[in-house]
1. Answer with one residue from ILE378, MET322, ASN298: the one whose Cα lies farthest towards the positive end of the charge dipole of segment 249-408, charges on Cβ with Lys, Arg +1 and Asp, Glu -1.
2. Once label points are set 7 Å from the Cα along Cα→Cβ at both ASN247 and ARG269, what is their separation, rounded to one decimal in nm?
3. Sorting check: for 40-52, 384-396, 249-261, which peptide has the highest mean count of neighbouring beta carbons within 10 Å, and how do the rest follow?
4. Over segment 249-408, one equal point on each Cα, no solvent: what is log10 I(q)/I(0) by the Debye formula at q = 0.10, 0.11, 0.21 Å⁻¹?
5. Using the beta-carbon distance between LYS187 and GLU343 and R0 = 35 Å, what value does 1/(1 + (r/R0)^6) give for FRET efficiency, to the nearest 0.05?
6. Please report Rg over Rh for segment 276-356, where both radii come from the alpha carbon positions and Rh follows the Kirkwood definition.
7. Using a Förster radius of 25 Å, what is the FRET efficiency between ALA23 and THR57 based on their Cβ-Cβ separation? Nearest 0.05, please.
8. If I take R0 = 51 Å and measure r between the Cβ atoms of LEU97 and ALA286 in this structure, what FRET efficiency does the formula 1/(1 + (r/R0)^6) give, to the nearest 0.05?
Amino acid sequence: MLPALAEIEAAVASNPVQREAFAPLKPQVNEKLDELRETIRRYDTGDTAGAIAIFKTGAGRQYMENIRGIVERMQEEVERQLARDSAQFQQTTRIVLAAELSGMALIVAVALMSFLLSRRSIRDMETAQQELRDNNAALESRVAERTQHLLDANNEIQSFASIVSHDLRSPLVNIMGFTSELETFRKDMFERLAALRAQAPGPHADNDDAALGGEFDEAVDFIKGSIAKMDRLINAILVISREGSRNLRAEPVDMTALVRAVANGHMHRALEIGAEIIVEPLPFVATDRLAVEQIFSNLLDNAVKFMRTDVPGRIHVKGREMPSSVGYEVMDNGRGIDPKDAERVFELFRRSGMRDRQGEGIGLAHVRALVRRLGGSIRLASELGQGCTFTVILPKGWIDLSTNQKQQ
């Protein structure tokens, strides 16, 4: 019994109400146990009457009723506590259920919103991609159209240049023929004039005839010089026209060997004026061999032609390789070009500085046209009296607009 009371006391220690209700239980149980022990003791010692007397007092019954009442109150408290716990549990369950339902509803709402936003985002993305594809298609179409217009215009210009050159050459041939006729006429005319002077000599006749002959010869020489210049211009126009219509073909080019071969072609003239040409090892490039040969031939020709006479001439060619292109520099210590003419010299029939060297202002224009056809660029850095540096940039792979195919 006592161990059971100890367990009950430990169980209700955390409950103030049950602890208060349990407090009188232990004395009542002890009193009842004492009454039972006394009754049993008297019975065992043969005092049956004393044992019956204790029983008749009713104290034991009273102790049991008190114990039963305490136990019932504790049981009622337990039931009330269970009821409260059950109610609280149910309330907690309802709150948790409501929270779970709210959470599920929120999750569903968020999922639905995410789905709608994702769908809208995907739709917007698809719309944007379609617009981008349409814009790219329109841009490609416009570029192709503009490219075709440029090709057509270039073909028309080449055709026009060829026709104009032919039409200019026809009257030029006639002028050349009539100039020869004038020279023949001069000979006959002055022979007859000399015969007439012999028949009727005058005091200043010989001097007058010599002056007239000199003026005639000067006029004829001027006509012949203009004809030769016009003929050179027409030939240059034809060269540019033919070069513009030529199909370019890419191939691996050993630029060191090519430029050194071009330099050897100019070496005799360079040695005559005391100049040297140095060609460093140059990077390879895949491009049109004939076009780059013409480019560097013109650049070296200009460098040799416009050397200074007061210092030893030096022409230096070097190159460098870049991620998607190659660069070549042609440097000289010649006369140089005024910086304000750095763009002008690339225009057709344009020249800079003194006109004491033969030329028609076509070479650099031809060079820039070739470089552009190869998909590259050319620029000039120069100071008067300090020489020039021409920098040619060529792509490692270029696009021929006539075929719109990239060459590697």
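1. ILE378
2. Going from the ASN247 label point to the ARG269 one covers 3.3 nm.
3. Working: 40-52: 12.6, 384-396: 18.8, 249-261: 16.2.
Result, highest mean Cβ count within 10 Å first: 384-396, 249-261, 40-52.
4. Ignoring solvent entirely, the Cα scatterers give -0.35, -0.42, -1.44.
5. Numbers: r = 50 Å, r/R0 = 1.43.
Calculated value: 0.10.
6. Expressed as Rg/Rh, it is 0.99.
7. Values: r = 25 Å, r/R0 = 1.02.
The formula returns an efficiency of 0.45 here.
8. 0.10
Every number in this text was worked out from the coordinates using simple rules, so none of it is lab data. Please read all numbers here as calculations on a predicted model, not as lab measurements. Don't worry about glycine lacking a Cβ; one is built from the backbone with ideal geometry, like all the others, and counts go over all protein chains shown.
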